Amino acid sequence: MSETYADWIGRCAAAPDTEARRLVGTGGLVVLSPHPDDETFGASALLQEAGRTGRAVGIVAVTDGEASHPGSRSVSRQMLAGIRRAEHEAAVKALGVGEARFLRLQLPDGGSGRDPRFREAAQRVAQFCDAIGASTLSAPHPDDPHPDHHATAALAEAVREPPPALAAPVLLRVDDATCRRNALSRGRSPAVSSSGRRGGQGPRHGLPCFAARPCRR
């Protein structure tokens, strides 16, 4: 990735809009979320559409987001991981998919792609997709410069069979702001000491832009 983060933000802002129903597919939906809340920022409209049409939904949490409050003296990484897992499930339920199933890979926040377990993660996700009956897999766009977002995009590519040309990831915006705000209100980690990052203020490196593509079948 050679582009700057400012370049990436500009590309996301300029991406064309589309309707969620055009991307969800005919079967279940699996969303790969680098951190708890990325699925709400990046794929809330897809999740709401899947819930509205009664499709099976799976959420893959690549990390538990335990590094979001660096330097905190009041909330340990282990405590924060538990808080964010609970917030994660509450936010997804608020999107209208209370029956969603979760797969938590528990790779390290900030270094998911460098962890030795990353190599076997694709097989676990593929098995999860099969169990869900997924026809669509949603994940961050591969050009997203955040290291965990980029690693998650690579994971999604590893899950799929070699795709036809039309299945290449595209950059599209699918937005439902009211739904997203409602879900995010469920995910407000408590404020921590002044040396740590305050919870509930959005991701450290900006909004993820998710791509949807066919699942491996």
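See the values below:
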quantity: Residue identified as over 20 Å from Asp148 (Cα atoms) and under 14 Å from the mean Cα position of the chain (by Cα) among Ala13, Ala61, Ala43, Ala91; calculated: Ala91
quantity: Residue list for region 16-40, filter: more than 16 Å from the chain's Cα centre (by Cα) and acidic (Asp, Glu); calculated: Asp17, Glu19
quantity: Filtered residue count, region 90-102, keeping only those that are in contact with a helix residue (DSSP H, G or I) (Cβ under 6 Å, 6 or more places away or on another chain) and either surrounded by 20 or more Cβ atoms within 10 Å (Cβ to Cβ) or among the acidic types (Asp, Glu) (or both); calculated: 5
quantity: Odd one out for Tyr5 among (1) surrounded by 18 or more Cβ atoms within 10 Å (Cβ to Cβ); (2) within 18 Å of Thr152 (Cα to Cα); calculated: (1)
quantity: Residue count for region 114-129, restricted to those that are buried (at least 19 other Cβ atoms within 10 Å of the Cβ) and farther than 20 Å from Leu46 by Cβ; calculated: 2
quantity: Options Ala126, Ala131, Ala154, Ala121: the member that is in contact with a Cys (Cβ under 9 Å, 6 or more places away or on another chain) and in a helix (DSSP H, G or I); calculated: Ala126
quantity: Filter result (among the basic types (Lys, Arg) and either closer than 20 Å to Ala153 by Cα or outside any helix (DSSP H, G or I) (or both)) within region 85-113; calculated: Arg101, Arg104
quantity: Region 1-10, residues that are under 19 Å from the mean Cα position of the chain (by Cα) and of a type in the set (A, V, I, L, M, F, W, C); calculated: Trp8, Ile9
quantity: Residue among Gly65, Gly71, Gly82, Gly10 that alone is surrounded by fewer than 19 Cβ atoms within 10 Å (Cβ to Cβ) and assigned to a loop (DSSP other than H, G, I, E, B); calculated: Gly71
quantity: Region 4-63, residues that are modelled with pLDDT of 90 or more, under 19 Å from Ser112 (Cβ atoms) and touching a Gly at 6+ places or on another chain (Cβ under 6 Å); calculated: Val30, His35, Pro36
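The values are calculated or read from the model by the stated rules, or taken from the named source; none is laboratory data. Only a predicted model underlies this, so the values are computations on that prediction, with no experimental measurement involved. Cβ atoms come from the backbone with ideal geometry, glycine included; neighbour counts cover every protein chain shown.
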